[in-house]
1. Just to be sure I understand, how many residues within segment 16-32 are within 14 Å of Glu131 (Cβ to Cβ), touching a residue at least 40 places away in the same chain (Cβ under 8 Å) and not in a loop (DSSP other than H, G, I, E, B)?
2. Quick one: which residue in Asp113, Asp162, Asp178, Asp130 is of a type in the set (D, E, K, R) and on the phi > 0 side of the Ramachandran plot?
3. Residue under question is Ala82, and the condition is that it be out of contact with any Asp or Glu (no Cβ under 8 Å at 6 or more places or on another chain), closer than 25 Å to Leu18 by Cα and crowded, with 16+ Cβ neighbours inside 10 Å; does it hold?
4. Return the residues of segment 33-59 that are in contact (Cβ under 8 Å) with a residue 60 or more places away in the chain, away from the ligand (no atom under 15 Å from the Cβ) and surrounded by 23 or more Cβ atoms within 10 Å (Cβ to Cβ); say none if nothing qualifies.
5. So, of the residues in segment 65-95 that are without any contact (Cβ under 8 Å) to a residue 40 or more places away in the chain and part of a strand (DSSP E or B), which turns out to be farthest from the ligand (Cβ to nearest atom)?
6. Is segment 98-109 home to any residue that is surrounded by 19 or more Cβ atoms within 10 Å (Cβ to Cβ), of a type outside the set (D, E, K, R) and over 24 Å from Glu27 (Cα atoms)?
7. Going by the structure shown, is Gly141 more than 11 Å from the ligand (Cβ to nearest atom), farther than 16 Å from Arg19 by Cα and not basic (Lys, Arg)?
8. Which residue is farthest from Asp78 (Cα to Cα), if the candidates are limited to segment 96-127 and must be part of a loop (DSSP other than H, G, I, E, B) and more than 12 Å from the ligand (Cβ to nearest atom)?
Amino acid sequence: MATDPTKLSIVTYPEKVLRTPGKAVKEINDEVRAVAARMIELMYEAEGIGLAAPQVGLSWQMFVLDVPLGEGRSLADDPPTATDGPRVFINPKIAKFEGPSEPFEEGCLSLPDIRGDVLRPPVVTMTATDEHGKAFIIRAGGLLARCLQHEFDHLQGVLILDKMTQTARMKNRTAVRDLERSR
Ligand code: NI
């Protein structure tokens with residue numbers, strides 16, 4: 001196995017891999033499944049709701065997420081705003097955005113101590129392949145739509161720093177500088 005999943009850990013900004021667009025996953029095999037399982041574990045350990053491959057140092061088009069039910073989120077929402085457990089997204093593509101962009105506060109496991117409003121469309125439709133090689137389509141709203149777009153951005157080398165409102169940028173200026181100096 002080329003990648004040892006037990007050696008993976010979450011990397012933080014300004015690590016270069018976070019700015020590197022991920023490569024398509026060509027074959028969904030045991031290595032990919034083991035990495036996805038380890039990413040889910042790391043995501044839970046860090047109490048996050050999503051984690052993208054570049055965040056564990058891999059330039060792969062893959063992310064995992066688990067947006068829990070509760071706090072007004074339900075599978076019965078149309079479109080759904082949560083998941084009923086962890087999900088793996090391989091080679092995802094955005095098929096459609098709906099609605100005018102709305103601000104909402106986001107954080108990122110690779111940007112400790114940074115939180116700020118990001119503008120995003122409220123509903124998104126995405127296609128992807130799961131860890132068993134099955135293609136699927138998902139239309140999502142609420143926190144799930146936000147999380148999908150946030151993780152998708154990671155696969156393009158895009159961070160919330162690039163999309164935060166002007167006010168959020170100002171508010172986080174010192175924290176960003178501290179991170180840049182910490183390496
Ligand atoms: Ni993130």
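The values are calculated or read from the model by the stated rules, or taken from the named source; none is laboratory data. Quick caveat: nothing in here was measured; it's all calculated off a predicted structure. Note that we place each Cβ from the backbone using ideal geometry, even for glycine, and neighbour counts take in every protein chain shown.
1. 1
2. Asp113
3. In short, no.
4. Ala36, the sole residue that qualifies.
5. Gly70
6. yes
7. Taking the combined requirement at face value, the residue satisfies it.
8. Asp113
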